[in-house]
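*Asks:* Pasting in a structure now, in structure tokens, and then I'll have a few things to ask.
The values are calculated or read from the model by the stated rules, or taken from the named source; none is laboratory data. Nothing here was measured: the structure is a model prediction, and the numbers come from that model. Reconstructed Cβ throughout: ideal geometry from the backbone, glycine too, with neighbour counts over all protein chains shown. For the accessible areas, the whole protein counts, side chains as well, though only heavy atoms, and no ligand, DNA or RNA atoms are used. Shrake-Rupley method; radii C 1.70, N 1.55, O 1.52, S 1.80 Å.
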Amino acid sequence: MSGIAQRIVVPVVASPSRRWLRRYGLAAAGAAIIVAWLLLAIFAPWAAPYDPNFVDVAGRLKPPSSVHWLGTDALGRDVASRIIYGARISLLVGFTVVLIGGLFGTLLGGAAAYMRGWAEEALMRLTDLVFCFPPIILAMAIAAALGIGTGNTMIAMLVVWWPKFSRLARSLVITQRSLEYVEAAQTIGFGPAHILLRQILPNAVGPLIVLVTLDLGNAILVFAGLSFLGLGVVPPTAEWGAMVAEGRELVQQWWVATFPGIAILSVVMGFNFVGDGLRDWLDPHARNR
Amino acid sequence: MTDENRTGLGRRPFIAGGAGLLGAVLAGARPAGAQSAARRGTLVIGLDISDATSLDPARVAQYSNPLPAHTAWDSLVTFTPGDYVNVKPLLATEWAYQPDGKTIRFKLRNDVKFVSGKPMTAEDVRFSLQRVMNLKDQPQQYIAHVESVKVVDDHTVDMVLSDPTQPILTIIAAPEFVVMEKAAVMEHGATDAPDAKEKDTATNWLNDNSAGTGAYRLTGWQRNQQIQMVQNPNYWRGKPGFERVLIRHMSESAAQLLALKRGDIDVAFNLIPEQVATLKDDPAIEVKGATSLDFIYMAVAASPANPALQNKAARQAIGYAIDYDGIIRNLIGGNAVRPVSFLPVGVNGSTEALTKEIGFREDLPRAKKLLADAGLPDGFSFQLAYGNAAIAGVQYQNLAQKIQADLARVGIKAELAPMDQLNLRTMYLGGKAQGVLTFWNPPAPENLLWASATIDRVAKRVHWDVAPDVRKLVADAAAERDITKSGALYRKYQEVMVDQANHFVLIQPIYQVAMRKTITGVQLTAAGWMAELSGAKPV
Amino acid sequence: MIRYVSSRLAMAAVMVVLATLVIFLISNTVPGDPVLTQLGDLAASNPATVAEFRHKWGLDLPLWDRYWIFLSGLAHGDFGVSIVSRRPVLEDIADYAPATVELASVAFLLSLVVGLPLGVMAAVKRDSWIDHVARALSLVGVSAPTFWLAFVMLAVFYGALDVAPGPGRLDPVSFPPARITGLLLIDTALQGDWDTFHDALAHLVLPSIVLAGATLGLITRTTRAAMLEALSQDYVRVAKAKGLRARIVVMGHALPNAMLPVVTLGGLAYANLLAGAVMTETVFSWPGLGRYTFQSAVSVDFPAIMAITAIVAAIFVLVNFLVDLSYALLDPRVVKK
């Protein structure tokens, strides 16, 4: 892309700091949100004003007040404390599913693409197959077969999670494997594992990081959704999607469902803002345009 | 590129246009509704009807479908709201056991016409009951001891029983045992032949139509949407008050509440206690309570998988560690009663006073002492399973968590196991469950149906080896025709149940049904069909 | 070309069958017994009744026989009878599908009508406030949990403000039109019943906005990226250099070329809408396929689960196939490879 063209399509002239703010302001805000939630999750026992599982049916469904900042739920538990503890589950599940699914998918996709031939074909058909499943049916069938619980729900998610990483890794490896430096490495006599892990992957890591970041939000959203449908955590564990489900019928007691929903929205938004910023930053094509 | 500012994709008209369009779509989208004459002539009921699989009375077996069935069809006898001890006449004016001791002779009303205008005869009665017997769907199980039904004359039928010690009148009051117009339903494939199970093809038609003597005629059923009914002009108790009755499927209680407040529906059946509380001050709405005969109970099995539960004292400790009053006062807003055990308050031999006298109550020192007696001073753990559902607005999930917190006070640890209904029932019915939170609703208000269940199939599920004297006690109570003597026997039965400590009845809901004051005459009943609509009319 | 299409079609059919096989095997490991939820308490305790029910629904046959029966039925377009509703599954699906198709279509249309212009404007006026608003809006749209958004929308616009109609497809007082397609908007329009049409349209507003939330972001982002790509192409610059007015350049030259990725992604997004409406349908009491799917899965209604799996898999495979086909038509090298 020529310099002239760039100047033509970038009409706005702004001070560097304002441009930075415009481009990365959202990402910075997203990072701040995530850090805040991570800190709350880690230090939940100190941050939460009450025991999240303390039941007091006489004090149930109290509106937000100075005693209970975000009110109490149908069993008189402190909503704020439950949201703080709920961050632990959501973040844990998000990171576990995306990291395990991402690692597995990436290695499989990368290896298949590097080996080419029937291995690659078989992998692509397998990912096609996974994309075919109605996710709800799959998740529910697995939950029904294994029982309801955080671990089993994560298994169900992992089953459908890895293929997109496989596909991305495959396309990245295909692009990279024909490049000169790979051919050079082959000539020198490095083995395929070395080339794949030490040469190609580091060069392809940018898009993968973007996908991981965006996907963290997505995983948290999906888990909350399954939890909302009753497939997530075992009570009395506090979890955001389950909390929204508990408050779904309580229109008058709006705080029961509204605040956990805002928690989900904020953390997912945080990851999306950061992922979006990373994409801009890592993709020179988009950056320079 | 300065001329980009003139691209003409003006955003203001775009946004304004969108908002205007949205406004136009929403404005006046609500038909004059509540005021219109058609609306006034229609009784609209909000109800969760997702459970219904058939509206053919002979196949009615769920929770919501008895209401339309009872509205479209009449049975021979009935229960009036509030009295579930004495059977009352409906299509039959009188009945009596014949000298042989096993035949009941029913005299029929002679002024009853079907919706088609044809008169009801004894042959219609015989055909209808015979069809239920030969169709062998679920309702047949409750009248399995009926040997035959015979026409004596145009307005007299005999019902011959193979086992006259088993109750029958209380059972045939249910809307499964109604009278159909033989000619009309035969036209659509109905048959009462012995091979009706294979040959009867009328169910499809009966899912959308009725040919009975009830106040309204069924004219359509869109699954999970609505059930439509129109007035029966030939109704034998006089012209019904509404032109049409519409039962709208509304699974969400919040939707029912909002629709009721706006006047979109006249009756809301599935409100939760928190919502009912907000209606108390609404001048347009009246909340009626009806004590049901349903209850939520916790079954605790002497499970082979859990030695602690095999100890009766340990199970009894559970019974004394639960905050029953807290549950009823708070979780269901006080709208419930609690029976001693498996016989709901309102049937013979079960009252709230008796619960205070011989039932479980919260008594933590006693629970701790029982645990010590059982050799488990530090408590024990057991698995408590429940489904993802709510009864009378009480989520099993909340109830389970409340019980978990209650039991923790004496060191008993309930490990919650939420599961789908399918796995729950498989586990419970297969005797694999340790603790289960579940629900019991009777097919008919007959004491024996509860009592025999507990000493028979339910006993197996909780691994209770019922002693012969307990079996004799229940059989004697059922066969006893003197109500007071029978009540005394049932009291003894309940004492046995408490001592055995396999079942803890927690909540017997007083259903809170909210109605708009623009209608009147809807009577709630606990007999199994929710409400009498025949006397309903606009104000 | 014909060989390419036929081999892809054969592959697609194999995919669908494999998908049903996997779901079949998983559902069969469920410890729960579907018979017990379908029979009353009394009947479920009677071994003879249970055995008879099992036999009637073919649940007593060996696993592979049952799968074979399903497959041969599938070949004849027969999906069997639902254990729960006791009706042919196809009849059930025909009842529920139009509600979902209507909702998903309106939601998709909505996200196109808003997302396309927004994406185009964001690209044309890159780095302007509208670009940033579009970006933030689409990111928030993707981030909001559907089930929560549905609750909030209903509580605010129906419950508190009372400006939108409530849950369901029609007002309780409206009677549904005689069924032609099952799509209320089309059926009422065909029959000239404009009051009911209006009612159905109004009931679609809230759920379709909720459902469109996520898709809108996707469409906006894709449009913006594709437009930026197109605007930087030589022919656009040539057109501009020739002095054509910006509007003509954008609408006449860049936009048509930017549409391909949008259409591709749109197709997949639409398929996702069809499959992903379960939460919106739950909160809005919408009698659609999502809820049917959920209920079938909860009750392990084998025939229904298998049918839905086959249909959803077929939709995905078909959409994928069409996408690939459109590429093949545009780029003959794909076929040769």
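*Asks:* Checking the conditions here, which among B:ASP192, B:ASP208 is closer than 24 Å to B:LEU43 by Cα, open to solvent by 10 Å² or more (accessible area, probe 1.4 Å) and part of a loop (DSSP other than H, G, I, E, B)?
*Replies:* Answer to the check: B:ASP208.
*Asks:* Among what's in region B:50-102 and is away from chain C (no Cβ under 14 Å) and assigned to a helix (DSSP H, G or I), pick the residue that is nearest to B:LYS136 (Cα to Cα).
*Replies:* B:PRO57
*Asks:* If I filter region C:40-49 down to residues being facing chain B (nearest Cβ under 7 Å) and not in a helix (DSSP H, G or I), which single residue comes out as least open to solvent (accessible area, probe 1.4 Å)?
*Replies:* C:GLY40
*Asks:* Now a separate question. Could you tell me which numbered condition C:ASP78 fails, if it satisfies all but one of (1) under 22 Å from B:ASN204 (Cβ atoms); (2) outside any loop (DSSP other than H, G, I, E, B); (3) of a type outside the set (A, V, I, L, M, F, W, C)?
*Replies:* So the condition that C:ASP78 fails would be (2).
*Asks:* Which one is surrounded by the fewest Cβ atoms within 10 Å (Cβ to Cβ) among residues in region B:51-66 that are within 19 Å of B:TRP440 (Cα to Cα) and out of contact with any Leu (no Cβ under 7 Å at 6 or more places or on another chain)?
*Replies:* Top of the filtered list is B:ASP51.
*Asks:* Could you identify the single residue in C:ASP60, C:ASP65 that is open to solvent by 20 Å² or more (accessible area, probe 1.4 Å) and either part of a loop (DSSP other than H, G, I, E, B) or at pLDDT below 80 (or both)?
*Replies:* C:ASP60
*Asks:* If I filter region C:282-293 for residues that are open to solvent by 10 Å² or more (accessible area, probe 1.4 Å), within 11 Å of the chain's Cα centre (by Cα) and within 25 Å of C:LEU149 (Cα to Cα), do I get at least one hit?
*Replies:* yes
*Asks:* Quick check: is even one residue across region C:275-295 in contact with a Lys or Arg (Cβ under 9 Å, 6 or more places away or on another chain) and closer than 16 Å to C:VAL30 by Cβ?
*Replies:* So far as region C:275-295 goes, no, none of its residues is in contact with a Lys or Arg (Cβ under 9 Å, 6 or more places away or on another chain) and closer than 16 Å to C:VAL30 by Cβ.
*Asks:* To continue, here is another question. Which ones in region B:122-136 are among the polar types (S, T, N, Q) and surrounded by fewer than 21 Cβ atoms within 10 Å (Cβ to Cβ)?
*Replies:* Listed by number, the residues that qualify are B:GLN130, B:ASN134.
*Asks:* I've got another one for you. Among the helices (runs of 4 or more DSSP H) lying completely within region C:115-201, list those that include at least 3 residues that are within 14 Å of chain A (Cβ to nearest Cβ).
*Replies:* Ranges flagged: C:129-143, C:146-153.
*Asks:* Check B:ARG223 against each of (1) surrounded by fewer than 23 Cβ atoms within 10 Å (Cβ to Cβ); (2) within 13 Å of chain C (Cβ to nearest Cβ); (3) within 19 Å of the chain's Cα centre (by Cα) and name the one condition it does not meet.
*Replies:* Answer for B:ARG223: the failing condition is (3).
*Asks:* Hey, another quick one. Please state which one of C:ALA297, C:ALA310, C:ALA314 is small (Gly, Ala, Ser), facing chain A (nearest Cβ under 10 Å) and open to solvent by 20 Å² or more (accessible area, probe 1.4 Å).
*Replies:* C:ALA314
*Asks:* Just wondering, is there one or more residues in region A:27-49 that are in contact (Cβ under 8 Å) with a residue 60 or more places away in the chain and outside any helix (DSSP H, G or I)?
*Replies:* No, region A:27-49 contains no residue that is in contact (Cβ under 8 Å) with a residue 60 or more places away in the chain and outside any helix (DSSP H, G or I).
*Asks:* So, in region B:330-377, how many residues would count as being in contact (Cβ under 8 Å) with a residue 40 or more places away in the chain, open to solvent by 20 Å² or more (accessible area, probe 1.4 Å) and either more than 19 Å from B:ALA308 (Cα to Cα) or assigned to a helix (DSSP H, G or I) (or both)?
*Replies:* Within region B:330-377, residues that are in contact (Cβ under 8 Å) with a residue 40 or more places away in the chain, open to solvent by 20 Å² or more (accessible area, probe 1.4 Å) and either more than 19 Å from B:ALA308 (Cα to Cα) or assigned to a helix (DSSP H, G or I) (or both) number 16.
Yes/no matrix, rows are residues, columns are (1) surrounded by fewer than 20 Cβ atoms within 10 Å (Cβ to Cβ); (2) under 23 Å from C:LEU211 (Cα atoms); (3) of a type in the set (Asp, Glu); (4) out of contact with any Asp or Glu (no Cβ under 6 Å at 6 or more places or on another chain):
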residue	(1), (2), (3), (4)
C:ALA136	yes, yes, no, yes
C:ALA150	no, yes, no, yes
C:LEU161	yes, yes, no, yes
C:ASP193	yes, no, yes, yes
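*Asks:* Quick test for you: out of A:ARG82, A:ARG88, pick the one residue that is more than 14 Å from chain C (Cβ to nearest Cβ), in a helix (DSSP H, G or I) and open to solvent by less than 10 Å² (accessible area, probe 1.4 Å).
*Replies:* The conditions single out A:ARG82.
*Asks:* Do we find that C:PRO207 is assigned to a loop (DSSP other than H, G, I, E, B), touching a Ser or Thr at 6+ places or on another chain (Cβ under 9 Å) and surrounded by 22 or more Cβ atoms within 10 Å (Cβ to Cβ) in this structure?
*Replies:* no
*Asks:* Does region C:76-88 contain any residue that is touching a residue at least 24 places away in the same chain (Cβ under 8 Å), more than 14 Å from chain B (Cβ to nearest Cβ) and surrounded by 18 or more Cβ atoms within 10 Å (Cβ to Cβ)?
*Replies:* Yes, region C:76-88 has at least one match.
*Asks:* Now for a separate question. Only one of A:ILE188, A:ILE209 is more than 12 Å from every other protein chain (Cβ to nearest Cβ) and either closer than 25 Å to A:ASP51 by Cα or at pLDDT 85 or above (or both); which?
*Replies:* On inspection, the qualifying residue turns out to be A:ILE209.
*Asks:* How many residues does region B:230-288 hold that are hydrophobic (A, V, I, L, M, F, W, C), assigned to a strand (DSSP E or B), over 22 Å from B:GLY212 (Cβ atoms) and open to solvent by 20 Å² or more (accessible area, probe 1.4 Å)?
*Replies:* Counting residues in region B:230-288 that are hydrophobic (A, V, I, L, M, F, W, C), assigned to a strand (DSSP E or B), over 22 Å from B:GLY212 (Cβ atoms) and open to solvent by 20 Å² or more (accessible area, probe 1.4 Å) gives 1.
*Asks:* Which ones in region B:137-168 are among the aliphatic types (A, V, I, L, M) and either part of a strand (DSSP E or B) or surrounded by fewer than 18 Cβ atoms within 10 Å (Cβ to Cβ) (or both)?
*Replies:* B:ALA144, B:VAL146, B:VAL149, B:VAL151, B:VAL152, B:VAL157, B:MET159, B:VAL160, B:LEU161
*Asks:* Then there's this: Please determine whether any residue of region B:408-419 is under 26 Å from the mean Cα position of the chain (by Cα), closer than 24 Å to B:SER253 by Cβ and more than 7 Å from every other protein chain (Cβ to nearest Cβ).
*Replies:* no
*Asks:* If you don't mind, there's one more thing I want to ask. With region B:436-539 as the region, which helices (runs of 4 or more DSSP H) entirely inside it contain at least 3 residues that are without any contact (Cβ under 8 Å) to a residue 24 or more places away in the chain?
*Replies:* Per the criteria, B:468-479, B:483-500.
*Asks:* Any residue in region A:216-227 that is in contact with a Lys or Arg (Cβ under 9 Å, 6 or more places away or on another chain) and either assigned to a helix (DSSP H, G or I) or within 30 Å of B:ALA255 (Cβ to Cβ) (or both)?
*Replies:* No, region A:216-227 contains no residue that is in contact with a Lys or Arg (Cβ under 9 Å, 6 or more places away or on another chain) and either assigned to a helix (DSSP H, G or I) or within 30 Å of B:ALA255 (Cβ to Cβ) (or both).
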